[in-house]
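J.: Attaching a single structure in structure tokens format; questions to follow.
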Amino acid sequence: MLDLGFILTVVLIHFVALVSPGPDFVIACRNTMLYNRKTGIFTAVGFGLGIGVHISYAVFGLTWLISNNEVVFSLIQYAGASYLVFIGVQSLRSQNIAISNDSTKAKRKISKWKAVRIGFLTNVLNPKATLFFLSLFSTVLNPSVSSETLTLISIILVISTIIWFSLVAIFVSRRQFMIIVNRYEKRVNQFFGILLIGIGVVIVFL
């Protein structure tokens, strides 16, 4: 039997976390601006798959393992920070790549699978996302919650993540927005590069 109160609680908490700016938001904007709207949307799909991983270990018992094993969590933390720094360095090295829109052909493109992979790794290696889902499910999850409820929650969280970041990609790829961005493409690359490196450093030291 579905627990509508439990579902509503988890979905609302997730939505608040979802719209809060973080590594996923930065990567969604970066990929959309550097490449195109389609790349941004496939990146959003990667975020959704990452959310699926977080839900899986939170629901199937890894909550206890990670929350009680500092080594495991530290490994996730450093891996996530390192990946963000890596993407940031790539942005700094890509200062001469044209930022594209749907009506202008990009000088360089990436495959949809690479876009999905970037989104997936950014999300699944984000230690704050790990901590969020551990805290969320360890707080609200109880033995009385049915498998049907958990399945529905998983589907809602994954789909809502994809929809939200797809909307972000659609917004930042609007022609009026891109015309302005195209004038400052070098600074945009520098901005996202420094921002991602900064987020990686903060994750490690805070």
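No value in this document is a laboratory result; all are computed from the given coordinates. Since we're looking at a predicted model, the values are computed, not measured. Positions of Cβ are backbone-derived with ideal geometry, glycine not excepted, and every protein chain shown enters the neighbour counts.
J.: Straight distance only, please: which lysines reach the Cα of Lys112 with their own Cα at less than 18 Å, same-chain residues fewer than 8 apart left out?
T.: Lys38
J.: Right, another one. Express in nm, to one decimal, how much length is gained between Ser146 and Arg93 on full extension, taking 0.36 nm for each residue of separation and deducting their alpha carbon distance.
T.: On the way: separation 53, 0.36 × 53 = 19.08 nm, distance 4.92 nm.
Here the answer is 14.2 nm.
J.: Could I ask something else about it? Taking a quarter of the surface of the Cα convex hull of the stretch 1-56, what do you get in nm²? Could you put the intermediate results ahead of the total?
T.: Details: hull surface 18.7 nm².
Computed as one quarter of the Cα hull surface, the answer is 4.7 nm².
J.: Let me ask something additional. Quick check: residue separation of Ser111 and Gln176 times 0.36 nm, minus the Cα distance between them. What number comes out in nm? Please list the in-between numbers first.
T.: Working: separation 65, 0.36 × 65 = 23.40 nm, distance 2.55 nm.
Taking Ser111 through Gln176 to full extension adds about 20.9 nm, to one decimal.
J.: Sticking with this structure for a sec: Under a Cβ-Cβ cut-off of 13 Å, what is the net charge of the residues other than Ile197 that fall near it, where Lys and Arg count +1 and Asp and Glu count -1? Walk me through the numbers on the way to the answer.
T.: Values: positive: Arg30, Arg93; negative: none.
Summing Lys and Arg as +1 and Asp and Glu as -1 gives +2.
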